[in-house]
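One structure is given below, encoded as structure tokens.
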Amino acid sequence: MKVLISIDDTDNLESRGTGEIASLIAEALEANGWAKTGIVTRHQLLVHPDIPYTSHNSAMCFPADLQEGALEPVIAFTCGFLDHECAAGSDPGLCVAPLERLGDGAELIDFGQKAKRQVLTTRNAYELGGRLGLHLSEHGGTGQGIIGALAGAGLRLSGNDGRMKGALDFSGRNLLRLEELLDHPHIDAVRPFDGGELSPDALVEIGEKPKTVLRHGLSVLFVSPLSRDGSEANWQTTHRKQLRGY
Amino acid sequence: MWQVAWNGTREFTLGKESWGAAASAALECQSFAEDVEEELVAEDERSCYNCRYRRWNPASFTCLAAP
């Protein structure tokens, strides 16, 4: 069974981040033999005075392919993990969304997109989660993290939102050809940030902590033109500040 | 660069795209602490935009570090 596991608002100013918590959960699911998991994505939600958040209001989500009969143990484990690990003062929420219950996914995607534009309520989240048969649970504080958790699942499902957690590692190399980039296990596609296509002989200079974004269901590395004297490369990885909108 | 509210919190008045000013402010700050990797947005590692004590708001951010 394929599911999306999404969490929100687990941290405070001093604790480990929600992204690290998501990664630890994914590692534990693999270690217990319950699931094969995919990369964690970070999804930006609305920043608004009426929404409680620590500093950035982002949700974290990852896909998991569960072994038969593993849904209930996975939910129980993840709930226990959040109860134990979440920081004081946070409002953690968990969503576990089996893909087979989502139909065409339109309602969940719509919820996620709305959470980027407007203030939603726990009632909105429970209504949709209940109708679709998803797991939603609160793990302390006000429990309002279930809104972001559900939204994170919807945005991940859309395939067109969020940045992948973690920076890409190229073993210290800072100039790579397109085909070498595409050999990286966490890169599905390499595209110019401003559109168009790369030529097969494109040579890319790797900047500080490059990362991919989720576009059309793919992990995409964006690159930008480079025309600096003395550099062999004709492209560079797109700067982090330009990826802020993802 | 900063506006101080009645409760002592400081809001960065230059918005979300003043990369140079945010880096300069962080260089002078004793409380700067780099946020987790997935929340970094500035190329300058040391930037208020990358600090775990910045709390984004619709127009800019508030600094939550002790003054």
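The values are calculated or read from the model by the stated rules, or taken from the named source; none is laboratory data. Predicted model only: the values in this text are computed from it and were never measured. All Cβ positions, glycine included, derive from the backbone under ideal geometry; neighbour counts span all protein chains shown.
Go through A:F111, A:F81 for me and flag whichever is assigned by TED's automatic domain parsing to the domain that holds A:L155 and farther than 26 Å from A:R244 by Cα.
Values: A:F111 fails: farther than 26 Å from A:R244 by Cα.
That would be A:F81, the only listed residue that is assigned by TED's automatic domain parsing to the domain that holds A:L155 and farther than 26 Å from A:R244 by Cα.
Which ones in segment B:30-54 are at the interface with chain A (Cβ under 7 Å from one of its Cβ atoms) and either in a loop (DSSP other than H, G, I, E, B) or surrounded by fewer than 19 Cβ atoms within 10 Å (Cβ to Cβ) (or both)?
At the first step, the residues of segment B:30-54 found to be at the interface with chain A (Cβ under 7 Å from one of its Cβ atoms) are B:36-43, B:52-54.
If the condition is that a residue be at the interface with chain A (Cβ under 7 Å from one of its Cβ atoms) and either in a loop (DSSP other than H, G, I, E, B) or surrounded by fewer than 19 Cβ atoms within 10 Å (Cβ to Cβ) (or both), then B:V36, B:E37, B:L40, B:V41, B:A42, B:E43, B:R52, B:Y53 are the ones that fit.
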Task: Subset of segment A:193-212 (residues that are over 25 Å from the mean Cα position of the chain (by Cα), among the aliphatic types (A, V, I, L, M) and either in a loop (DSSP other than H, G, I, E, B) or not assigned by TED's automatic domain parsing to the domain that holds A:P225 (or both)) - done: A:L198, A:A202
Task: First in segment B:24-40 and within 16 Å of A:T10 (Cα to Cα), second anywhere and of a type outside the set (K, R) and assigned to a loop (DSSP other than H, G, I, E, B), Cβ under 6 Å, 6 or more apart - done: B:V36/A:G17; B:E39/A:H56
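So for segment A:158-167 (the condition being part of a helix (DSSP H, G or I), within 21 Å of A:Q44 (Cβ to Cβ) and in contact (Cβ under 8 Å) with a residue 12 or more places away in the chain), does at least one residue qualify? It would help to see each step written out before you state the result.
Looking only at segment A:158-167, we keep the residues that are part of a helix (DSSP H, G or I), and these are A:158.
Next, only the ones that are within 21 Å of A:Q44 (Cβ to Cβ) stay: A:158.
Applying the additional criterion that residues be in contact (Cβ under 8 Å) with a residue 12 or more places away in the chain yields A:158.
Looking through segment A:158-167, at least one residue is part of a helix (DSSP H, G or I), within 21 Å of A:Q44 (Cβ to Cβ) and in contact (Cβ under 8 Å) with a residue 12 or more places away in the chain.
Yes/no matrix, rows are residues, columns are (1) away from chain B (no Cβ under 14 Å); (2) among the polar types (S, T, N, Q); (3) assigned to a loop (DSSP other than H, G, I, E, B):
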position: A:F111; (1), (2), (3): yes, no, no
position: A:V119; (1), (2), (3): no, no, yes
position: A:R123; (1), (2), (3): yes, no, no
position: A:R131; (1), (2), (3): yes, no, no
position: A:T142; (1), (2), (3): yes, yes, yes
position: A:A149; (1), (2), (3): yes, no, no
position: A:S171; (1), (2), (3): yes, yes, yes
position: A:R191; (1), (2), (3): yes, no, no
